[in-house]
Amino acid sequence: VTRFVYATASTLTGQLADEDHSLDWLFAVDQEGTEAGAAHERFMDDVGVIVEGSSTYEWVLRTEHLVEQPEKWTQYFGTRPTFVFTSRDLPVVPGADIRFVRGPVAEHLPAIRAAAGESGRGTVWLCGGGDLVGQFYDAGALDRIDVGIAPVTLPGGPPLLPRRIESSRLTLVSAEKKGQLITAVYEVRPAPSEVSDET
Ligand SMILES: NC(=O)c1ccc[n+]([C@@H]2O[C@H](COP(=O)([O-])OP(=O)(O)OC[C@H]3O[C@@H](n4cnc5c(N)ncnc54)[C@H](OP(=O)(O)O)[C@@H]3O)[C@@H](O)[C@H]2O)c1
């Protein structure tokens, strides 16, 4: 079974980045006691496929100089297929399994599920941004939200998840203090229509 998991970090005010697409506010948080590295490795053990929007992809390329140093891609993400949603022609990281797609999420779900199945790892990591994850939610493909909330407020920036999802659809599974972060995990319940479709 494929599980679609949105794992990300957010400000207290619900932004993924600042208005300049910078994450400096996140890297400035004292990492002591966050166990972020170990938790990320455990999470990645179950990840077969990565999905992201073009801003996120471009941010990673730019910040890590991945076009010039492509070997770093595999160090970070392994050989996992990465689906990048974009309507533009973007640079490719040599040697990485990057699949550019565009248009309705529902059209790409069979290929994403197939890639996860082939990998033998059931988790699809939805990296963001928030609207793309919202498109997965709209398509009935968002099972869990793992968010690390940083002690930072910002006046603006790309939102964590710009959809109206009320408490009837979200169950808090865990909430922990990790150093200066709160890590919260929510299960996303299927809409009543999705449940009756399956029965
Ligand atoms: N805090 C964190 O841990 C974290 C995690 C992830 C991302 N981030 C940051 O948060 C920011 C997110 O930026 P963002 O909100 O702009 O989101 P994004 O999802 O990374 O990029 C949005 C862009 O993706 C393309 N796109 C989205 N859906 C599409 C579709 N169905 N078909 C074709 N193209 C589609 C569009 O651009 P084009 O068509 O023009 O390409 C759209 O403008 C970035 O700065 C990123 O680095 C932070």
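The values are calculated or read from the model by the stated rules, or taken from the named source; none is laboratory data. No experiment lies behind these values; they were computed from the predicted model shown. Heads up, the Cβs are rebuilt from the backbone with ideal geometry, glycines too, and the neighbour counts pull from every protein chain shown. Areas reflect the complete protein model, heavy atoms only, side chains present, ligands, DNA and RNA absent. Shrake-Rupley method; radii C 1.70, N 1.55, O 1.52, S 1.80 Å.
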* To do: Starting from segment 38-60, keep only residues that are touching a residue at least 60 places away in the same chain (Cβ under 8 Å), then list their pairs with residues that are within 14 Å of the ligand (Cβ to nearest atom) and open to solvent by 40 Å² or more (accessible area, probe 1.4 Å) whose Cβ atoms are within a distance under 7 Å, requiring at least 6 positions of separation or different chains.
  => Ser55/His21
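Out of all the residues in segment 68-77, which are over 17 Å from Ala7 (Cα atoms) and open to solvent by 60 Å² or more (accessible area, probe 1.4 Å)?
Answer for segment 68-77, where residues must be over 17 Å from Ala7 (Cα atoms) and open to solvent by 60 Å² or more (accessible area, probe 1.4 Å): Glu68, Gln69, Glu71, Thr74, Gln75.
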* For segment 137-163, enumerate the residues that are more than 10 Å from the ligand (Cβ to nearest atom) and either outside any loop (DSSP other than H, G, I, E, B) or of a type in the set (D, E, K, R) (or both). => Tyr137, Asp138, Asp143, Arg144, Ile145, Asp146, Ile149, Arg163
* If a residue has to be touching a residue at least 60 places away in the same chain (Cβ under 8 Å) and surrounded by 13 or more Cβ atoms within 10 Å (Cβ to Cβ) to count, how many in segment 16-37 make the cut? -> 11
* Would you pick out the residues in segment 38-67 that are open to solvent by less than 70 Å² (accessible area, probe 1.4 Å) and touching a Gly at 6+ places or on another chain (Cβ under 8 Å)? -> Met44, Gly48, Glu52, Gly53, Ser55, Thr56
* Asked: So which residues in segment 46-64 are within 14 Å of Thr74 (Cα to Cα) and out of contact with any Ser or Thr (no Cβ under 7 Å at 6 or more places or on another chain), if there are any at all?
  -> Val60, Leu61, Glu64
* Residue by residue through segment 32-56, note down the ones that are in contact with a Phe, Trp or Tyr (Cβ under 6 Å, 6 or more places away or on another chain) and either within 13 Å of the ligand (Cβ to nearest atom) or of a type in the set (D, E, K, R) (or both). => Ile50, Val51, Gly53
* Can you tell me which of Thr86, Thr82 is surrounded by 14 or more Cβ atoms within 10 Å (Cβ to Cβ), near the ligand (Cβ under 8 Å from one of its atoms) and under 17 Å from the mean Cα position of the chain (by Cα)? -> Thr86
* Specify which of the listed residues (Gly95, Gly128, Gly148) is open to solvent by 20 Å² or more (accessible area, probe 1.4 Å) and of a type outside the set (Phe, Trp, Tyr). => Gly95
* To do: Looking for whichever is surrounded by fewer than 19 Cβ atoms within 10 Å (Cβ to Cβ), over 28 Å from Gly37 (Cα atoms) and in contact (Cβ under 8 Å) with a residue 40 or more places away in the chain here; the options are Gly120, Gly140, Gly156. Which one fits?
  => Gly140
